[in-house]
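Worksheet for the structure shown next.
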Amino acid sequence: MRGDENRIAWMFVAPALALYALFVMVPLCQSFWFSLFDWNGYSQDMKFTGMRNYAALLRDGVFWGSLWRNIFLLAASLVVQLPIAIILAALLAGPVRFARVLRAGLFAPMILPTVIVALLWIFIYDPVDGLLNGLLGGIGLQSLRRGWLGEATTALPAVTVAVCWRYTGFHMILFAAGIVNIPAETYEAAELDGASAFARFIHVTLPGLYPVIRVSALLSVVGSMKYFDLNYLMPSGGAPDRATELVATYMYREGINADRWGYGCAIAVALCALTLATGGIKLWLDRRRSQPAGV
């Protein structure tokens, strides 16, 4: 009987596994194979170079700079994006008028096309007619006006703000679902004990959200390591000194724009390895924290 159940389970899982193998594992293996060649992607002349592309990658200052920008984006996601999402979810879980409308409005950036989001923030950051510079000038802070996407010191933080704005609503929905699953009796008991709203948030909401926070943090970590969209679209022609270059955008520029497919594939394989390693470390740390002391 057990064997029949296993066969039935494999019958249901097999189509998904086949699609995963076809569209994930096969391209990944091909990327590793192509990374061993010097190839422009068009000609039939593929010069085998072994691990030379990876050796060049280790000496590539642009690659390491891009990786540090990914880490900056990751830190911003964890330190800015998730706390704001938790606070918004907690506030809208209370007796707030039009809470559903507000949730839908905050989630809307997530479902907007990426190009629309990029154009919106390009307008906001426009150095001449932009909303941000206009607001700063209107309140007498003309000295703070900048070409936000055209200066090396402000380009990456400006794009990171746009990324956090887009994905905060998504994480807010996750946390809102988690708050719904916290037993109401727990809040009632805390209120009877005289706990303030802030104390209930610290001692009831946050501990109850811990499983959701773990999932949300893992999504942020993995997403930040392979992020591409807005960092490629927003800086017109690229910010000075590659100020917004991430590993994924660098891979695209080297592999597609520069016709260095072998090197681009090496960057892709390195990005895959970094993403898996980062996600694996995050899962390992979560398991360590969840284990009882002394285990």
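I'd like to check something: does region 85-95 contain any residue that is in a helix (DSSP H, G or I), at pLDDT below 90 and out of contact with any helix residue (DSSP H, G or I) (no Cβ under 7 Å at 6 or more places or on another chain)?
Within region 85-95, one or more residues are in a helix (DSSP H, G or I), at pLDDT below 90 and out of contact with any helix residue (DSSP H, G or I) (no Cβ under 7 Å at 6 or more places or on another chain).
Given the condition modelled with pLDDT under 90, more than 30 Å from residue 277 (Cα to Cα), out of contact with any helix residue (DSSP H, G or I) (no Cβ under 6 Å at 6 or more places or on another chain) and not charged (D, E, K, R), answer yes or no: does some residue in region 154-171 qualify?
There is no residue in region 154-171 that is modelled with pLDDT under 90, more than 30 Å from residue 277 (Cα to Cα), out of contact with any helix residue (DSSP H, G or I) (no Cβ under 6 Å at 6 or more places or on another chain) and not charged (D, E, K, R).
Against the condition crowded, with 21+ Cβ neighbours inside 10 Å and more than 18 Å from residue 114 (Cα to Cα), how does residue 216 come out, does it pass?
Working: crowded, with 21+ Cβ neighbours inside 10 Å: yes; more than 18 Å from residue 114 (Cα to Cα): yes.
Judged against the criteria, residue 216 is a match.
May I ask you to verify whether residue 229 is acidic (Asp, Glu), at pLDDT below 85 and under 23 Å from the mean Cα position of the chain (by Cα)?
Numbers: acidic (Asp, Glu): yes; at pLDDT below 85: no; under 23 Å from the mean Cα position of the chain (by Cα): yes.
Spelling it out, it is not the case that residue 229 is acidic (Asp, Glu), at pLDDT below 85 and under 23 Å from the mean Cα position of the chain (by Cα).
Scan region 123-135 and give yes if some residue there is touching a Pro at 6+ places or on another chain (Cβ under 9 Å), in a loop (DSSP other than H, G, I, E, B), surrounded by 11 or more Cβ atoms within 10 Å (Cβ to Cβ) and at pLDDT below 85, otherwise no. Walk me through how you get there before you give the answer.
At the first step, the residues of region 123-135 found to be touching a Pro at 6+ places or on another chain (Cβ under 9 Å) are 133.
Now narrow it down to the ones that are in a loop (DSSP other than H, G, I, E, B): none.
The answer is no; no qualifying residue exists.
Hey, among 22, 28, which residue is touching a residue at least 24 places away in the same chain (Cβ under 8 Å) and part of a helix (DSSP H, G or I)? Before you say what the answer is, go through the steps one by one.
Values: 22 fails: touching a residue at least 24 places away in the same chain (Cβ under 8 Å).
Every option except 28 fails the conditions.
Check residue 238 against each of (1) at pLDDT below 90; (2) out of contact with any Leu (no Cβ under 8 Å at 6 or more places or on another chain); (3) surrounded by 14 or more Cβ atoms within 10 Å (Cβ to Cβ); (4) in a helix (DSSP H, G or I) and name the one condition it does not meet.
(4)
Within region 43-61, can you find the residues that are of a type in the set (A, V, I, L, M) and surrounded by 13 or more Cβ atoms within 10 Å (Cβ to Cβ)? Break it down stepwise before answering.
Of the residues in region 43-61, the ones of a type in the set (A, V, I, L, M) are 46, 51, 55-58.
Of everything in region 43-61, those that are of a type in the set (A, V, I, L, M) and surrounded by 13 or more Cβ atoms within 10 Å (Cβ to Cβ) turn out to be 46, 56, 57.
Consider residue 103 against the criteria (1) surrounded by 16 or more Cβ atoms within 10 Å (Cβ to Cβ); (2) outside any helix (DSSP H, G or I): it satisfies all of them except one. Which criterion is unmet?
Evaluating residue 103 over (1) surrounded by 16 or more Cβ atoms within 10 Å (Cβ to Cβ); (2) outside any helix (DSSP H, G or I) leaves (2) as the failure.
The values are calculated or read from the model by the stated rules, or taken from the named source; none is laboratory data. Everything numeric in this text was worked out from a predicted model, so none of it was measured. So basically every Cβ, Gly included, is an ideal-geometry build from the backbone, and we count neighbours across all protein chains shown.
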